[in-house]
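Chemist: Dropping the structure in here first, questions after.
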Amino acid sequence: KKISGLLDAKKYEVVDWKITAKDLVQFMSIDRVFDSVSFNLLLIIVFFVIMIFSLISVYQRTREIGIMRAVGTSQNQIFQILLVEILILALLSILIGGIIGCVLSQYFVLHPLQLKLDPSMLELYKQWGVYDMTFPAKLSLKTFLQGVIPVFILMLLAVIYPAWKVNQLRPIDAIEER
């Protein structure tokens, strides 16, 4: 709109790139769908890995938890102990992962990926209006939080089942568990 006001309307026609490159717009929307599906699959995998780790951690300490229950620790207190443990692990994981992720992202912000294509392939891209094969990265708080918050929530959810399962045991059964 800004450009059309600057140009002579009799000589030039200004057309939005989304109209001239409809196929590219369609491919971009398909790419967004695949990005979303991939991210959600990754979150599901992370959830189950964390839950398995939590199950193993809790079951290795079944006897310890049984003794705590036998001396009067309530199921709620056991759950709170396990929740605090996973919170500490979650915060440490986010801190370490966040630092590593930010360093890598900043590297690619400073040194964007550049594809070196065969000239015939480059001609195909030029037909779509793509002349620059540089893929810059962007580091922002929003993208950081979009990855961190779901993983943090999944870590908290992943401890619920193991904590519930171990709390279902009678103290004497938990103590005798091997």
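The values are calculated or read from the model by the stated rules, or taken from the named source; none is laboratory data. Please read these numbers as outputs of a predicted model, since none were measured by experiment. Cβ coordinates were reconstructed from backbone atoms using ideal geometry, including for glycine residues, and neighbour counts include every protein chain displayed. We work out accessible area using only protein heavy atoms, side chains counted, and drop any ligands, DNA or RNA first. Shrake-Rupley method; radii C 1.70, N 1.55, O 1.52, S 1.80 Å.
Chemist: So, in segment 42-83, how many residues would count as being open to solvent by 40 Å² or more (accessible area, probe 1.4 Å), of a type in the set (Val, Ile, Thr) and within 15 Å of VAL166 (Cβ to Cβ)?
Modeler: 4
Chemist: Using the structure shown, decide if GLY72 is touching a residue at least 60 places away in the same chain (Cβ under 8 Å), of a type outside the set (A, V, I, L, M) and outside any helix (DSSP H, G or I).
Modeler: no
Chemist: Follow-up question, since we're still on this one. Looking only at segment 104-136, which residues are part of a helix (DSSP H, G or I) and among the β-branched types (Val, Ile, Thr)?
Modeler: Answer for segment 104-136, where residues must be part of a helix (DSSP H, G or I) and among the β-branched types (Val, Ile, Thr): just VAL109.
Chemist: What do you reckon, is VAL37 surrounded by 10 or more Cβ atoms within 10 Å (Cβ to Cβ), in a loop (DSSP other than H, G, I, E, B) and among the hydrophobic types (A, V, I, L, M, F, W, C)?
Modeler: No, not satisfied.
Chemist: Could you tell me whether segment 20-29 includes any residue that is in a loop (DSSP other than H, G, I, E, B), basic (Lys, Arg) and open to solvent by 90 Å² or more (accessible area, probe 1.4 Å)?
Modeler: no
Chemist: Take segment 159-178 and flag every residue that is of a type in the set (Val, Ile, Thr) and either closer than 29 Å to VAL46 by Cα or open to solvent by 60 Å² or more (accessible area, probe 1.4 Å) (or both).
Modeler: Once the filter is applied, which keeps residues that are of a type in the set (Val, Ile, Thr) and either closer than 29 Å to VAL46 by Cα or open to solvent by 60 Å² or more (accessible area, probe 1.4 Å) (or both), segment 159-178 yields VAL159, ILE160, VAL166, ILE172.
Chemist: Does LEU89 meet the test of being surrounded by 12 or more Cβ atoms within 10 Å (Cβ to Cβ), more than 30 Å from GLN75 (Cα to Cα) and not hydroxyl-bearing (Ser, Thr, Tyr)?
Modeler: Considered against the rule, which asks whether it is surrounded by 12 or more Cβ atoms within 10 Å (Cβ to Cβ), more than 30 Å from GLN75 (Cα to Cα) and not hydroxyl-bearing (Ser, Thr, Tyr), LEU89 comes out as no.
Chemist: How many residues does segment 15-50 contain that are aliphatic (A, V, I, L, M) and in contact with a Gly (Cβ under 9 Å, 6 or more places away or on another chain)?
Modeler: 2
Chemist: I need the full set of residues from segment 105-144 which are over 28 Å from LYS18 (Cβ atoms) and open to solvent by 100 Å² or more (accessible area, probe 1.4 Å), in order please.
Modeler: Result: TYR107, LEU110, LYS116, LEU141.
Chemist: So, one more: Criterion first (without any contact (Cβ under 8 Å) to a residue 60 or more places away in the chain, over 29 Å from SER54 (Cα atoms) and outside any loop (DSSP other than H, G, I, E, B)) does LEU139 satisfy it?
Modeler: It is false that LEU139 is without any contact (Cβ under 8 Å) to a residue 60 or more places away in the chain, over 29 Å from SER54 (Cα atoms) and outside any loop (DSSP other than H, G, I, E, B).
Chemist: I've got another one for you. Could you check VAL15 against (1) assigned to a loop (DSSP other than H, G, I, E, B); (2) within 30 Å of VAL148 (Cβ to Cβ) and say which number it fails?
Modeler: (2)
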